[in-house]
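Notes follow the structure.
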Amino acid sequence: MIELVLVEGVSDVQLISYYMQSVYEWKHVNENILGITVLDAHEHIENLTKGDNELVLCGVGGNSKFASFVEKHRINAMIIEKEIASFMVVTDRDKESNLKMTRRINAVFENITFEAGKWVKNKIADGYGQDKLVNTYLLIIPENENGALESVIINALKDIPEEKELMQEVIDFIDNVKNDLVPELCKINKYNKAVVGTFFSVRNPENAMRSFGAFVSKVEWLKSESLKQIFMPLGCLGKEKTINN
Amino acid sequence: MAHINSIEIKSYRGIKALSVSDFSNINIVVGDNNSGKTSFLEAIQLLFAGTQLGTLKNIINQRTVLNPDKSSFYVSLTKMFNKEQRPDSMDFEISAESNSGILQFRFMGREGSVSGEEALQMSALSQREKMQYKRNSIILPEKAKVFIGNVVAQTGEEISQQEVRSTSLDSGLPGASLKKEILYISAFGHLRYDLLQNIVGNPEYKKLAVDILGQFETEIEDICYTKADDGSYLETIVATSGINMPLSVYGDGIKKILYILNKLFDSADSILLIDEIETGLHKKYYDMLFPVIFALASKLNVQLFIATHSIEAIDAILKYGDYDNKKEEKDPIKVITLKKIESKTGKGSNIVARNVTGNYVYENRKVFEYEVRL
């Protein structure tokens, strides 16, 4: 089966890709069966395979780029024409409600609908008028608080005994500098980015100047209960889904 | 003459029920082997066959164009009916909306078994052929099959009916084939047919044909008929050197181009069906040849149905749509993909169709691996 996942940016793709490989044993491959390739420098695509299943992870280039990505890549036509078994959208909550985010994502798609935190079975007609099913899932992170991928990562690192102490030191450090030295860090998104960036710089100083992609593989994410909880729906990819609706 | 806007096919060959609408002037018919492309083109021809049994015979025989096997005629006729769907009934129906009104062709009947002698009496064989059977030069089977049925054809308000009888001894149906109202180009027809008959008598067509051929072979100066030593007329190409060469010595590409042009010139205000347009043509000539065909078809008011397996041919045809520049105009191209699907019960199959615009195919092929052929 073919699974398609749209996420916001490069770091989302890298974290999910690494998580799927290390926890769910998917393997990285160079090309995808859907033929999706990057059309600009902000997009990032990784392709995974597990048995006969293919997972295409697309970073659309930012929170505001879902609609343009879907338009440019003709995702709505692809849903009709290709055998995509399920389709997940992963997006940062920031300060939005589930309702508003669901409405925004649903406005982008023509024949399928999403619900936050829930698999939905969409019965649609293919190009030949034949019925087919596409399962959808809208994963909003963090699940129950404001924030973005960075806050998910911070919570995950706090869960991991080997990382917990360093994370607390970094948080204390950022707290110390934010008021007097870097007032910009009073904004929660900037604060979280600084915590994550500082953490990985200290944790792996040899890679301090590299991108998140270099950091992500240095952490044993499977030890994080919070990450396990939030990424639980990803475990359904490549498997038959039990959906009661 | 009619162009068709839609077609509905019921119980014809492998097609249980198929409906395709919104045809354009250029319709590309694509699909895997055994997906029903040739059946689809035959169905369009049957709409125009009326009750002419000679035309019906020719359509039945089209599939064996290079290797006519007279003994298989009866089997070919009965294979027109979808016995998988209706084992006890031989009945198919094709209807269409055209700019001349409703077109309908229904063929129904039943099959039975008779003695060889009875079959001989019922058959459409000539007296000489019947005599050969009686003289035992051909073995008369003890039992033979017989089909008795009717063709009912409707064109606009006019409805006609014709009885059809055929036996397993027959090699055809009685009656001459009148001039067809719709023309068909088979994949390998360029190897058999007269290729110049509609070209050489018309100076404008001839100049156009010579100009196109000149892009394949720069030495071609003229095409004509020349008289052979035995008094027959040969299709001939005249080279710039003044040397005449029979067309038969030229390669498939030249013959295929002439075959298409010859039929196109004869299809004014009508429909031309081209099966496997790529056969005999190298892809490097598509960009040169196809725009000429489409411009000519537009000028002569010919509706085209082109079956192809070739993705290069599809891409070359789509170039005619000029989709990067023309966004709002009516799309001149439709792409009809036929696909055989197995029934959900696991018993039997049907043919289904996807009908999309050329622009839809062009845009999707640009950004993802849109498989138009399957």
* Run the 1.4 Å probe and let me know the accessible area of A:Phe109, rounded to the nearest 10 Å². => 20 Å²
* Asked: For the range A:149-228, treating each Cα as an identical point scatterer without solvent, what Debye log10 I(q)/I(0) comes out at q = 0.12, 0.16, 0.19, 0.22 1/Å?
  -> -0.32, -0.57, -0.80, -1.04
* Give B:Lys206/B:Lys256; B:Lys16/B:Lys145; A:Lys158/A:Lys193; B:Lys206/B:Lys263 a once-over and call out the pairs whose C-alpha atoms are over 20 Å from each other. => B:Lys16/B:Lys145
* Structure fact -> Descending accessible area (1.4 Å probe), largest on the left, turns B:Glu312, B:Glu157 into B:Glu157, B:Glu312
* **HN-Hα J in Hz across the range B:348-357 - Karplus 6.51, -1.76, 1.60, θ = phi - 60°, x for Gly and Pro** => x, 8, 9, 9, 10, 10, 10, 10, 10, 6
* Asked: Can you list the residues, at least 5 places off or on another chain, whose amide H is less than 5 Å from the amide H of B:Ala124, using H built in the peptide plane?
  -> B:Thr167
* Using only Cα atoms, figure out Rg for chain B and give it as a multiple of 2.2 N^0.38 Å. => 1.07
* Structure fact -> Order by accessible surface, 1.4 Å probe, largest leading, for residues A:Glu46, A:Glu96, B:Glu158, B:Glu163 comes to B:Glu158, B:Glu163, A:Glu96, A:Glu46
* To do: Take the solvent-accessible surface of the protein heavy atoms, probe 1.4 Å, and return the percent of it on the protein assembly as shown that carbon and sulfur atoms account for.
  => 48 percent
* Asked: Relative to a virtual label point 7 Å from the Cα of B:Tyr285 in the Cα→beta-carbon direction, which members of the range B:219-253 show backbone nitrogen distances below 12 Å?
  -> B:250-253
* To do: Heads up, I need the accessible area for B:Ser343: 1.4 angstrom probe, whole protein in place, Å², nearest 10.
  => 40 Å²
* Structure fact -> Zone reached by a paramagnetic label modelled 7 Å from A:Lys72 Cα along Cα→Cβ, restricted to the range B:348-363 with backbone N below 20 Å, covers B:362-363
* To do: Please report how far the C-alpha centroid of the range B:147-177 lies from that of the range B:203-221, rounded to the nearest whole angstrom.
  => 42 Å
* Roughly what % of Cα-Cα distances in the range B:185-368 sit above 24 Å, to the whole percent? -> 46 percent
* Neighbouring partner chain Cβ atoms per residue of B:362-373, average, 10 Å criterion -> 5
* **Projected-area mean, the protein assembly as shown, by convex hull of Cα positions, square nanometres** => 38.7 nm²
* Structure fact -> Among GluC sites (Glu not before Pro) in the range A:143-245, those in a DSSP loop whose Cβ has at most 16 other Cβ atoms within 10 Å are A:Glu143, A:Glu145, A:Glu220, A:Glu240
* Asked: In the range B:333-367, which trypsin sites (Lys or Arg not before Pro) fall in coil by DSSP and have 12 or fewer other Cβ atoms within 10 Å?
  -> B:Lys344, B:Lys347
* Summed buried accessible area for A+B [probe radius 1.4 Å, Å², rounded to 100] -> 1300 Å²
* Asked: Per residue of B:8-19, how many C-beta atoms from partner chains lie within 10 Å of its own C-beta, taken as a mean?
  -> 0
* Asked: Which part of the range A:6-26 falls in the paramagnetic zone of A:Ile188, meaning amide N under 14 Å from the point 7 Å along Cα-to-beta-carbon?
  -> none
* **In the range A:151-196, trypsin sites (Lys or Arg not before Pro) in a DSSP loop with at most 14 other beta-carbon atoms within 10 Å** => A:Lys187
* **Nearest-10 value in Å² for the accessible area of B:Lys134, using the 1.4 Å probe** => 120 Å²
* To do: Using only the Cα atoms of the range A:1-147, build the gyration tensor, take square roots of its eigenvalues as a ≥ b ≥ c, and label the shape rounded, prolate or oblate: rounded if a/c is under 1.5, else prolate if a/b is larger than b/c, else oblate.
  => rounded
* Structure fact -> Shielding of A:129-140 by other chains, given as the mean Cβ count within 10 Å, works out to 1
* Working with all protein chains in place, sort B:Val114, B:Val361 by solvent-accessible area computed with a 1.4 Å probe, largest first. => B:Val114, B:Val361
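The values are calculated or read from the model by the stated rules, or taken from the named source; none is laboratory data. Since this is a predicted model, take the numbers as computed values, not measurements. All Cβ positions, even for glycine, are placed from backbone atoms using ideal geometry, and neighbour counts span all protein chains on display. For the accessible areas, the whole protein counts, side chains as well, though only heavy atoms, and no ligand, DNA or RNA atoms are used. Shrake-Rupley method; radii C 1.70, N 1.55, O 1.52, S 1.80 Å.
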